[in-house]
1. Rounding to the nearest 20 debye, state how big the charge dipole of the stretch 122-200 is about its Cα centre with +1 on each Lys and Arg Cβ and -1 on each Asp and Glu Cβ.
2. What whole-number value in cubic angstrom gives the convex hull volume per residue for the C-alpha atoms of the stretch 66-165?
3. Kirkwood hydrodynamic radius (Cα pairs, Å) of the stretch 9-101?
4. Over what distance in Å are the Cα centres of the stretch 103-174 and the stretch 37-73 separated?
5. Normalising by the residue count of the chain, find the relative contact order in percent from Cα pairs under 8 Å and 6+ residues apart.
6. Based on the Cα gyration tensor of the stretch 67-108, what are the three equivalent ellipsoid semi-axes, each the root of five times an eigenvalue, rounded to whole Å and given largest first?
7. Jot down the radius of gyration and Dmax of the stretch 109-200, Cα atoms only, both in angstrom.
8. Percent of alpha carbon pairs in the chain separated by more than 27 Å?
Amino acid sequence: MNTRTEPEATGGELDLSAARHGAAHAIAHLHFGVTFGSVGLSPSGWCEVIDPGWAANAQTNARIALAGPCMDLAVDLIEDEGDEPIVVPWLESWRDDVVNQGDGYRDDMVAARGGVANEAAWALALCRTNFDLIDEAAMLLVAAATNVEYLTFAAQLDGRTLAVGPDELEAAYDDFAGGLLALEVIDEAVIEHLASELVK
């Protein structure tokens, strides 16, 4: 999730795959009743929520932050042909983005503030439960010639998210079962990153 301020829309080309990432963050914001400035292309080229609002509790913020990465993972899991493991390589890439100070998923992992291990399964379940709505939101973003403001986005999509049920949550926990250590390592890397930022 992009926490930098962007006063003007960037416009540009956006494909469905990239738009799903930003749409998942935005739908998570709507699900929790948290506003944001706009959603669309950020200066880094990622589709993100621009000027995100923050909830009063860390659990909600972590779930919102992880919605984008978990949507990307959900798409991969749907397209999986069973040839290779999927979840652990994704988790390793998330950790690498934090450790290597790369772009990628670093901002999302850092915004989760050490809540990856506890909240990734819930975020994945939210994305699966609301996959069609996120796809609809992504198509809205692709069709827009500019970033979509919160009021426009909410007018079309607010109030339509489905709750995460116990079966969906259990399935998501099962997907992460082989990657529990990797989830904890991501949180450790985030804590180290945040500590190093304080020293600067």
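1. With only Lys, Arg, Asp and Glu charged at Cβ, the dipole is about 320 debye.
2. 135
3. Taking the inverse mean of 1/r over all distinct Cα pairs, the stretch 9-101 comes out at 14.3 Å.
4. If we compute the Cα centre of each part, the gap is 8 Å.
5. Once normalised by length, the contact order is 29 percent.
6. Gyration-tensor ellipsoid for the stretch 67-108: 21, 12, 6 Å.
7. When restricted to Cα atoms, the stretch 109-200 yields Rg and Dmax of 16.8, 44 Å.
8. 23
A short reminder: the numbers here are calculations on the coordinates, not readings from a lab. Source: prediction; values computed, not measured. Cβ sites come from the backbone with ideal geometry, for glycine too, and all protein chains shown count toward neighbours.
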